[in-house]
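Notes to accompany the following structure.
The values are calculated or read from the model by the stated rules, or taken from the named source; none is laboratory data. What you see is a predicted model; the values in this text were computed from it and never measured. With ideal geometry, Cβ positions are generated from the backbone for all residues, glycine too; neighbour counts draw on all protein chains shown.
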Amino acid sequence: MWMNKSITEIHSALVKKKVTPIELVEECISLSEKDKCNCFEACCFDQARKQAKEIKEIKEEEILKGIPFFAKDNFSTLGVETTASSNILNGYIPIFDASVITKLKNAGMILMGKTTMDELAMGGNGTTSHKGVSTNPYDHKRIIGGSSCGSAGVVSTGIVPFALGSDTGDSVRKPASHAGLVGFKPTWGRVSRYGLLSFATSLDTVSYFTRNVLDASYILSYISGYDNKDMSSSTRKKEKYQDYVLKKKTFKKIGYFKEVYNSITNKQIKEAFDNLLSSLKGKGYIVSEYDYPKELLYALYPTYMIISCAEANSNNACLDGIKYGPGVENATSWVEYMTKARTKGFSELIKRRFVIGSFSLLSQNQEEMFTRAQKARRLIVNELNKFFDEHDYLLLPAAYSLPPKISELDTKWSSKPDFLDNILTLGNFGGNPSITLPLTFINNMPLGVNVTGRIFEDGYVFSLASEIEKITKLSNLVKE
Amino acid sequence: MIKITKNIIRQCAKNMMFDLTSEEVDTIFNEFDTVYAQVGFLSSIKGVDEVEPMTFPYKEHQHKLADDIPLKPLKRALALKNSNTAFGNQIKLPKVIGVNSDVDE
């Protein structure tokens, strides 16, 4: 068994010829066929076998070469059906690879297929894919979280050591907490989004799962960098992010939000978080609490919902259902065809979000809803930046309760004033690098901790995360 | 901000080019108490109207013209693969321009 190992362990075995790429691909296929979490959309096993057989030699410096991976179904993949888990895109076979897919293929990684997600990435539970509910391998009655549910599942169950996701609110970092994984969201603009089906452009970030921090740092070294196909792609120089882990380059000032800390009701989570803070202090880190304004914490959820729903309206207007999609009979005009296709192609939840987005963009409402949410975002980020004037890292639990049971879910716009469930959106509003990694187990369910840093200080985020990994001794977790 | 009605919900859906069942309209309508409450909360935040709206996390966009790089044309086989109604070298598209169309034939 190799696929339950880390990227660096598999790489070492490949270099020493203890295993070959085609053996890894066959093992991955065999494991995929036993999937119990409903992780898969389309698979491209024949293409993977062909690529694996063509690899003759792997050099020491070719860390990713010959290693299989999966991608969330919202990345365009040449010749492989891409639906974003929505019927509106049934049958869409992209004619190009997303830039991040190209980079991974150029590094020699082997794409095995596409994973389930909440439809069009609009959901946090992993329950709204057109392929059905994706479950948590630690307890199949519970959610694994979303929207990158299938990608979390394939890494958590040891099918691959790495899978691509995307993170608009917490769509990689929350499932990482529920599934005992490392989930990393780079700085917005650090990784090209060309070929990623947009949900909310000002928040979407190419993100991913691994089973340890070092693997995550290597991946960023390969996929980051300027791309002239993405106007939001940064020209800042990319780095060797693994050096921050291997050479222990780190900052020292850690902060956490007093209001969030005081709101933790689960004793075991509080105790695990307290223990981590004590250990970090013992290692010479300076830890302090920060008084982030409570009203801005409560503003996170409505700000996120209004901005993301409104941006989603615009981004998904191109889904006409004409070239591919659910298929429509007896339409007499393109308007009727498109309306019938979109009615049939979107689920009820997506339609609800679109209506709220459309309402917030009506000329009579735009100032009071969409523009005001954008102003609230400015205040939220200004205050976050003030925090980062005094601290190098924001440290918080990544979840505040066990993942909910699927039978107890409620998808309505939350009327309960709450900020704990939405705290990770801070990283999307500010574009900050942010990582979740395992903190503890409660009732045999994993629960993560999250580290957020200043924009473009992705390497330093890896560095602290690596220190935490040494303290918790929770890495390379696999639930078979 | 205008008061929500079921007709406005249907109009918003129409703007987005889909229809809603009456049950779907009811579900959305019932959600709006919460939407109004939270929008009201945002407006009550101290200083919210004294700042500029934030459209992106930071300003660092590139506006230079991309270099002209010749691209290989799309391969016919790949284009045909994208349709489940391909005949020979052609793709049959659904008829979307008809007698009631607002586009001149």
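In the list A:455, A:435, which residue meets the criterion of being closer than 30 Å to residue A:308 by Cα, at pLDDT 95 or above and surrounded by fewer than 23 Cβ atoms within 10 Å (Cβ to Cβ)? Break it down stepwise before answering.
On the way: A:435 fails: surrounded by fewer than 23 Cβ atoms within 10 Å (Cβ to Cβ).
None of the other options fit; the residue is A:455.
Table: residues versus (1) facing chain A (nearest Cβ under 8 Å); (2) under 21 Å from residue A:301 (Cα atoms); (3) at pLDDT 95 or above.
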site	(1), (2), (3)
B:12	yes, no, yes
B:59	no, no, no
B:63	yes, no, no
B:74	yes, no, no
B:78	yes, no, no
Checklist entry - Which members of region B:15-49 meet the condition of being within 8 Å of another protein chain (Cβ to nearest Cβ), of a type in the set (D, E, K, R) and part of a helix (DSSP H, G or I)? => result B:24, B:31, B:33, B:49
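Can you list the strands (runs of 3 or more DSSP E) found entirely within region A:133-231 that contain at least 1 residues being of a type in the set (S, T, N, Q) and over 30 Å from residue A:370 (Cβ atoms)? Steps first, answer last, please.
Values: elements: A:139-143, A:162-167, A:182-185, A:205-210.
Strands (runs of 3 or more DSSP E) meeting the threshold: A:205-210.
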Next on the checklist: Just the residues that are away from chain B (no Cβ under 14 Å) and under 19 Å from residue A:307 (Cα atoms), please, taken from region A:197-226.
Outcome noted: A:197, A:199, A:206
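In the list A:384, A:409, A:424, A:420, which residue meets the criterion of being assigned by TED's automatic domain parsing to the domain that holds residue A:122 and at pLDDT 95 or above?
Numbers: A:384 fails: assigned by TED's automatic domain parsing to the domain that holds residue A:122; A:409 fails: at pLDDT 95 or above; A:420 fails: at pLDDT 95 or above.
Only one candidate qualifies: A:424.
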Item to check | The one condition in (1) closer than 28 Å to residue A:147 by Cβ; (2) surrounded by fewer than 17 Cβ atoms within 10 Å (Cβ to Cβ); (3) not hydrophobic (A, V, I, L, M, F, W, C) that residue A:281 fails to fulfil | outcome: (1)
Next on the checklist: I'd like to check which helices (runs of 4 or more DSSP H) are fully inside region A:272-375 and have at least 2 residues that are basic (Lys, Arg).
Outcome noted: A:334-345, A:348-361
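Within region A:32-54, work out how many residues are crowded, with 19+ Cβ neighbours inside 10 Å and within 30 Å of residue A:120 (Cα to Cα). Reasoning before the result, please.
Filtering region A:32-54 for residues crowded, with 19+ Cβ neighbours inside 10 Å gives A:32, A:37-41, A:43-44, A:48, A:51-52.
Of the ones still in play, those that are also within 30 Å of residue A:120 (Cα to Cα) are A:32, A:37-41, A:43-44, A:48, A:51.
Looking only at that region, the number is 10.
Being surrounded by fewer than 20 Cβ atoms within 10 Å (Cβ to Cβ) and away from chain B (no Cβ under 14 Å) narrows it down to one of A:333, A:263, A:314, so name that one. Outline the logic, then answer.
Working: A:333 fails: away from chain B (no Cβ under 14 Å); A:314 fails: away from chain B (no Cβ under 14 Å).
Every option except A:263 fails the conditions.
Could you tell me how many of the residues in region B:37-73 are more than 26 Å from residue A:232 (Cβ to Cβ) and without any contact (Cβ under 8 Å) to a residue 24 or more places away in the chain? Outline the logic, then answer.
Residues of region B:37-73 that are more than 26 Å from residue A:232 (Cβ to Cβ), as a first pass: B:37-41, B:43-47, B:49-50, B:72-73.
Imposing the further condition that a residue be without any contact (Cβ under 8 Å) to a residue 24 or more places away in the chain reduces the set to B:37-38, B:40-41, B:43-47, B:49-50, B:72-73.
So the answer is 13.
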Checklist entry - Taking region A:350-371 on its own, how many of its residues are buried (at least 20 other Cβ atoms within 10 Å of the Cβ) and either more than 18 Å from residue B:55 (Cα to Cα) or outside the structural domain of residue A:308 (by TED's automatic domain parsing) (or both)? => result 8
Checklist entry - What's the number of the condition residue A:219 fails, among (1) of a type in the set (Val, Ile, Thr); (2) within 23 Å of residue A:459 (Cβ to Cβ); (3) in contact with a helix residue (DSSP H, G or I) (Cβ under 6 Å, 6 or more places away or on another chain); (4) at pLDDT 95 or above? => result (3)
Checklist entry - Which pairs have Cβ atoms under 7 Å, sit 6 or more apart or on different chains, and link a residue in region B:13-27 that is surrounded by 15 or more Cβ atoms within 10 Å (Cβ to Cβ) to one that is in a loop (DSSP other than H, G, I, E, B)? => result B:13/B:19; B:13/B:20; B:18/A:346
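Report yes if residue B:52 is at the interface with chain A (Cβ under 7 Å from one of its Cβ atoms), in contact with a Lys or Arg (Cβ under 7 Å, 6 or more places away or on another chain), modelled with pLDDT of 85 or more and surrounded by fewer than 10 Cβ atoms within 10 Å (Cβ to Cβ), otherwise no. Spell out how you get there, then give the answer.
Values: at the interface with chain A (Cβ under 7 Å from one of its Cβ atoms): yes; in contact with a Lys or Arg (Cβ under 7 Å, 6 or more places away or on another chain): yes; modelled with pLDDT of 85 or more: yes; surrounded by fewer than 10 Cβ atoms within 10 Å (Cβ to Cβ): yes.
So residue B:52 fits the description; yes.
Is it the case that region A:84-91 has a residue that's more than 14 Å from chain B (Cβ to nearest Cβ) and part of a loop (DSSP other than H, G, I, E, B)?
Step one: list which residues in region A:84-91 are more than 14 Å from chain B (Cβ to nearest Cβ), which gives A:84-85.
Within this subset, residues satisfying the condition of being part of a loop (DSSP other than H, G, I, E, B) are A:84-85.
Yes; the residues of region A:84-91 include at least one that is more than 14 Å from chain B (Cβ to nearest Cβ) and part of a loop (DSSP other than H, G, I, E, B).
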